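Laboratory data are not the source of any read-out in this text; all were calculated from the coordinates shown. Bear in mind that the values here come from a model prediction, so they are computed numbers and not experimental data. Reconstructed Cβ throughout: ideal geometry from the backbone, glycine too, with neighbour counts over all protein chains shown.
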């Protein structure tokens, strides 16, 4: 994901079915079913409960990964029903919501009013509003930190200190709602951001990894943590090199007893795998085996040639994609001019695509 966004404002349970659902912390999470489709993997695609194909096309809503840790809020901008309706008005059907591990868990010095139960309830309320508007939600662990550190930036891998517990809690809260998808870790970049056997070993198995000072949680143990709660949600896993490289994804695919995994892919015009030869060589074989979700897509010059070509490529394969980002940062990444949904020239490219 881009590094110049205002994620740096200073710089740049098992649950009981009732009218609502609560987790062990007393958080009220939205009940199922919702107007948003419950999705699961069938072959190399996503389908709803009737077996009809579901293509996810929508936006990332950044903010909940950084505002809380920086100590000034939970969301960056509105999270009310009016702002949700603006997203839905683009005929989007999915929103990816980045989260912060230390804020969710309420640890390591995060301001209490933006952490723990307060953070979890705000996320639950927003997920409910999105689902009621017909939008599938992807919950993404975006920022994490080992030991006693506050999560203030991207880490190369999830950590064994906190990340398995984070996913156990999230899965316990939302395991009843298959209109929610779990994106286990935003953008792994182990082994000094290389595409090497060691990077993929670390990605799958975790533990002691070259070039890292903490014990990594591998993707297999996180899948196991989620499934151990009884949650049946689709799980997304991004590859290495900031989720742009899928070269060994199939060879290292974790075991899931439900066979309900999707590959997450992030591609920008300046990132790894930004040319069609790489899409054909790396991403196409993955898309033939499991659903391929382009969780982040963007172009940093306010143009459209790159994003159009990649969306054309995904459309030809019935793939899913989400634009970065539905925020008003006054930056090249803004899809909107205001939270009423007025598009920027860049955002208008995606709005037209979703409506087509």
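Sorted from fewest to most neighbouring beta carbons within 10 Å, what does the list 34, 229, 305 look like? Please list the in-between numbers first.
Numbers: 34 22, 229 19, 305 11.
Exposure proxy ranking, most exposed first: 305, 229, 34.
Could you tell me how far the Cα centroid of the stretch 312-356 sits from the Cα centroid of the stretch 56-114, in Å? Here the two parts' Cα centres lie 17 Å apart.
As a footprinting exposure proxy, order 214, 182 by other Cβ within 10 Å, with the fewest listed first.
Final ranking by Cβ density, sparse to dense: 214, 182.
Calculated mean residue ellipticity at 222 nm for the chain: -7500 deg cm²/dmol, from DSSP H runs with n ≥ 4 weighted as -39500 (n - 2.57), summed, divided by the residue count and rounded to 500.
With only alpha-carbon pairs counted, each pair once and no self-pairs, how large is the Kirkwood hydrodynamic radius of the chain in angstroms? It would help to have the intermediate numbers written out before the result.
Working: mean 1/r = 0.0502 Å⁻¹.
Computed over the chain, the radius equals 19.9 Å.
Of the peptides 109-120, 184-195, the order by per-residue mean of other Cβ atoms within 10 Å, starting with the highest, comes out as 184-195, 109-120.
Here the stretch 152-176 and the stretch 202-274 have alpha carbon centers that stand 13 Å from each other.
Of the residues 330, 150, the one with the fewest other Cβ atoms within 10 Å heads the list, and the complete ranking is 330, 150.
Could you tell me what percent of the DSSP beta bridges with both partners in the chain are antiparallel, to the nearest 5? Could the numbers behind the result be given before it?
Values: 11 of 43 bridges.
That works out to approximately 25 percent antiparallel.
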